[in-house]
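The values are calculated or read from the model by the stated rules, or taken from the named source; none is laboratory data. In this text the structure is predicted, and so the values were computed from the model without any measurement. So basically every Cβ, Gly included, is an ideal-geometry build from the backbone, and we count neighbours across all protein chains shown. What goes into the accessible areas is simple: the full protein's heavy atoms, side chains included, and nothing from ligands, DNA or RNA. Shrake-Rupley method; radii C 1.70, N 1.55, O 1.52, S 1.80 Å.
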Amino acid sequence: MNAELNKPKTQVGVIDLNSGNLLSMQTAITAAGCELHTLQQPRASLLKQLDVLVMPGQGRFAYVMNQIDRHGWRDFLLEWVRNGKRLVGVCVGMQVLFEGSDEDPEAVGLGLFQGRCQRLSHPKTPMVGWAQLDSYKLTLKDQFAYFVNSFAIKACPFATAKVTYGDAFCASVQRGNLYGFQFHPEKSGFFGRGLMQHVCQ
Amino acid sequence: MYVNDDSSNSDLTARVIPCLDVAHGRVVKGTNFKQLLDMGDPVELAQLYEQQGADELIFLDIKASVDGQQSALDMVYQVSTHLSIPFAVGGGIKNLDDVHRFFHAGADKVTLNTMAVEQPELINQIATQYGSQSIVVAVDVNHEADGSLAIYTHGGSRRVAVNYHDWIQQVVDRGCGEILLTAMHKDGTGSGFDTDLLAQFGADFPVQVIASGGAKGPQDFLNAIHAGADAVLAAGLFHRGEYTVGEIKEFLINNNIKIRKT
């Protein structure tokens, strides 16, 4: 028997914050060969049941943060990360891993990374389209990723890829099992699909 | 902005976007917004263009208001679950509930034309709830015989009494993230995009512009990008197989334009 065939599927939870298109992320996770769980609310049993949590976010910073707080995700996510479990934040889902954003200065982020989001300093916003990643990581280096954002983290010691639009900003960050992607892996063609497979292993 | 240059302050690439006009679940192509020709199955064509390197797709369900909305939603769901690049959908969107249904079915952006004119506050509502990046306003503009620029709705069949410049400014102020600018006097003619219109647009408005109407070959795409287009859209020349998306992109790369390689 091939051991690969008997390997249990990775259990991946995708957090439904009711902010835009969730179907693409769900499709990408399923296509990566993972067992998909769509979650509206946290519960303690998820800590044992799931291997990876993916948090997509679109729209405003305060809206996403408000959804996180309203459904009781804040404490659960902090506990999840304290346990060394894997968390993947995408787009605004990456931004809320930081302390705050100039988009909505009163909203308090999760604070898992230090720093605040700032408005992109390019005259045309939102940034919409594909840009080539400047990265030292083999999984990211020179790949083209799809971006849609007006705000971003300009600098972070845990940046794994950078892109320039006006100024340089962090296209992705990683510290241990905590991942953030400012671009949309689920919309970034075959590269993005491969990346989702990589982080959901 | 898209010419390769070490001192550039943008890594963004210019996008090539095949447009699929859909009627009754099939892709169709009209000439000057009239007579429709059958061009194939939407999901098959979408996957073909993705393979060829399309950066994004736009589906305009130009008969949505005639054959009801469910067929359009089913198509959007099928496309979303078979595609790994972004796509926009337009046609038959009457209110925020319709927008929600399209996003729920897997669309990344919606395109408004008639409703943007008839109910412009819908632009604000969409921008507030889903963000500016999720809304494209399709502006159909025609160069009239007297030299003026006129705005049309209802698939290019009805002229409306708004000033071209004021209209785009209003759309931008209301929170639209991108303008799909179709020069009706160029559409289906194969005489190239309207580069004067594009150059003026870039000077006036701080949003992305997708050039549409008139592409015959690779040189037209290059000219549009040089004139200031952020993205270029074409339909017939791809559907008829005259050029692949890959051939257009290769030509642009060879002419020093920043393009996503696949």
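Below, the figures for the structure above:
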quantity	calculated
Residue within segment B:149-164 that is touching a Pro at 6+ places or on another chain (Cβ under 8 Å) and without any contact (Cβ under 8 Å) to a residue 40 or more places away in the chain present	no
Residues being closer than 15 Å to residue B:111 by Cβ and more than 9 Å from chain A (Cβ to nearest Cβ) - total across segment B:74-86	3
Scan of segment A:101-147 for residues that are open to solvent by 20 Å² or more (accessible area, probe 1.4 Å), in a loop (DSSP other than H, G, I, E, B), within 13 Å of chain B (Cβ to nearest Cβ) and of a type in the set (D, E, K, R), ordered by number	A:103, A:124, A:142
Flag if residue A:17 is part of a loop (DSSP other than H, G, I, E, B) and among the aliphatic types (A, V, I, L, M)	yes
Given (1) under 15 Å from the mean Cα position of the chain (by Cα); (2) within 14 Å of another protein chain (Cβ to nearest Cβ); (3) not small (Gly, Ala, Ser), index of the condition residue A:77 fails	(2)
Criterion (modelled with pLDDT of 95 or more and assigned to a helix (DSSP H, G or I)) met by exactly one of B:248, B:179	B:248
Selection count, segment B:208-251, where residues are buried (at least 21 other Cβ atoms within 10 Å of the Cβ), without any contact (Cβ under 8 Å) to a residue 60 or more places away in the chain and acidic (Asp, Glu)	1
Any chance residue A:8 is loosely packed, with under 12 Cβ neighbours inside 10 Å, without any contact (Cβ under 8 Å) to a residue 60 or more places away in the chain and not in a helix (DSSP H, G or I)	yes
Leading residue by the ranking (farthest from the other protein chains (Cβ to nearest Cβ)) among those in segment B:94-116 that are assigned to a loop (DSSP other than H, G, I, E, B) and either surrounded by fewer than 24 Cβ atoms within 10 Å (Cβ to Cβ) or touching a Lys or Arg at 6+ places or on another chain (Cβ under 7 Å) (or both)	B:94
Conditions (1) of a type in the set (A, V, I, L, M, F, W, C); (2) open to solvent by 10 Å² or more (accessible area, probe 1.4 Å); (3) farther than 28 Å from residue B:83 by Cα; (4) in contact (Cβ under 8 Å) with a residue 12 or more places away in the chain; number of the one not met by residue B:145	(4)
Sole exception among (1) out of contact with any Asp or Glu (no Cβ under 9 Å at 6 or more places or on another chain); (2) open to solvent by 60 Å² or more (accessible area, probe 1.4 Å) for residue B:174, by number	(1)
Filtered residues of segment B:49-72 (kept if modelled with pLDDT under 95 and open to solvent by 20 Å² or more (accessible area, probe 1.4 Å))	B:60, B:62, B:63, B:65, B:66, B:67, B:68, B:69, B:70, B:71
Residue that is farthest from the other protein chains (Cβ to nearest Cβ), among those in segment A:20-34 that are open to solvent by less than 20 Å² (accessible area, probe 1.4 Å) and part of a loop (DSSP other than H, G, I, E, B)	A:34
Selection from segment A:40-55 of residues that are open to solvent by less than 30 Å² (accessible area, probe 1.4 Å) and either modelled with pLDDT under 95 or assigned to a loop (DSSP other than H, G, I, E, B) (or both)	A:50
